[in-house]
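This report refers to the structure that appears directly beneath it.
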Amino acid sequence: MRLKGMLGLAAAILAAVGLTLYFLSPTQGQTETQLLNLETLNRVKLTVVYDNYPYKPGLKTAWGFSCLVEADNTKILFDTGGNPEILLLNLEALGFNPEDLDLIVLSHIHGDHTGGLEAVLSRNPKVTVALPASFPENFKEQLRELGCSVVEVSSPRELCPGVGTTGVLGGMVEEQALIVRTCRGLLIVTGCAHPGVDRMVARAVEATGVKPYMVIGGFHLAGASESRILDIALNLKSLGVEAVAPCHCSGDEARKVFREVFGGGYVRAGVGLSVTVTSGGLTVVNH
């Protein structure tokens, strides 16, 4: 199965023409006007398993992003980085087995977020994969032939207890973000945030009616002006976000500005970072 090559070609085609989204799911979905009634989870742990920023010694860095979310008894891999060998090495070093994954969520079609998928599926071919509905039909069919349950996403919907998606936002690059309802508010995970990280957080709030607590992932601000970065940081503050952990494509300048704006709510992120959200708040595992 040549998933990596197919994804690269599909990304180029989608970027050039912009496909119209449609909704198709093996289970009953929600319409765009329905509010997601996500279960509140008492304990959620998130570990960054692939990133270009270092954090925990002994792990490999590379351009891309992936994190593993433990939502009660459900293990979710959000994005798969760009290099399959590095993803598997980091997962093993952090004590995670691909065989234990219950769900894979792909934010968008770019190779630095989908490159490790085939390696994970070689170890867990029957896992559920939730992806934007605009992914190529033959790609989705190959996943089904492997035994995967494919969930096609266009609008906000629940994926498993306590966990949902913003639905797909954007134009030239269509992308979804992960929503986890913790006892402190929403934990929102972005892959690259091409549609705008503040816009994706606003969609999560609109879809659930729940205040945002933390945002982690790529913010797509590398190369952005300081004024634009500051505007977005203040937008997130005004939406109610208390903690941020910019990774991947966020850029050094954005990390500096977000640290200044959020103060103690800023989390330095990189591969190997683990955070836990409970009723007591946010706990960061330091190394």
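Please treat every number below as a calculation from the coordinates, not as lab data. Treat the numbers as computed from the prediction; the structure is a model and nothing was measured. In this analysis, Cβ positions are derived from the backbone assuming ideal geometry, glycine residues included, and neighbour counts consider all displayed protein chains.
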Ignoring solvent entirely, what values of log10 I(q)/I(0) come out of the Debye formula for the stretch 55-188 at 0.10, 0.12, 0.15 Å⁻¹ when each Cα is a single scatterer? -0.30, -0.44, -0.70
The chain: most fluctuating residue of Gly147, Gly64, Gly115 per GNM, C-alpha cutoff 10 Å: Gly147
List the extent of the Cα atoms of the stretch 173-287 along each of their three principal axes, largest first, rounded to whole Å. 36, 35, 23
Among Arg268, Arg144, Arg228, which one moves the most in a GNM of the chain with springs linking Cα atoms closer than 10 Å? Arg228
Restricting to the chain, compute how many DSSP beta bridges are antiparallel as a %, nearest 5. 60
Take Trp63, project a point 7 Å from its Cα along the Cβ direction, then tell me which residues of the stretch 76-113 have their backbone nitrogen under 12 Å from it. 82-83, 111-113
Averaging sequence separations of C-alpha pairs under 8 Å and six or more residues apart, then dividing by the length of the stretch 3-285, give the relative contact order as a whole percent. 21
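Can you compute the helix-only [θ] at 222 nm over the chain? Use -39500 (n - 2.57) per DSSP H run of at least 4 residues, normalise by all residues, nearest 500 deg cm²/dmol. Mind showing how you got there, number by number?
Values: 8 runs with 83 residues, N = 287.
Calculated mean residue ellipticity at 222 nm is -8500 deg cm²/dmol.
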Expressed as a whole number of Å, what is the distance separating the alpha-carbon centroids of the stretch 39-64 and the stretch 180-228? 17
Points 7 angstrom from Cα along the Cβ direction at Leu230 and Asp72: gap in nanometres? 4.4
If you add up the charges near Gln176, with Lys and Arg at +1 and Asp and Glu at -1, over every other residue whose beta carbon is less than 12 angstrom from its beta carbon, what do you get? -2
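Could you compute the FRET efficiency for Glu145 and Met172, with r as their C-beta to C-beta distance and R0 at 41 Å, rounded to 0.05? Each step should come with its number before you reach the end.
Details: r = 30 Å, r/R0 = 0.72.
That gives a FRET efficiency of 0.85.
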Surface/4 estimate of mean projected area, convex hull on alpha-carbon atoms of the stretch 109-248, nm²: 8.8
Once you have the Cα-Cα distance between Asn138 and Arg268, take 0.36 nm times their residue separation minus that, and quote the gain in nm to one decimal. 42.9 nm
Whole-percent tail of the Cα-Cα distance distribution for the stretch 239-287, cut at 16 Å, equals 43
Area projected by the alpha carbon convex hull of the chain, averaged over all directions, nm²: 13.3
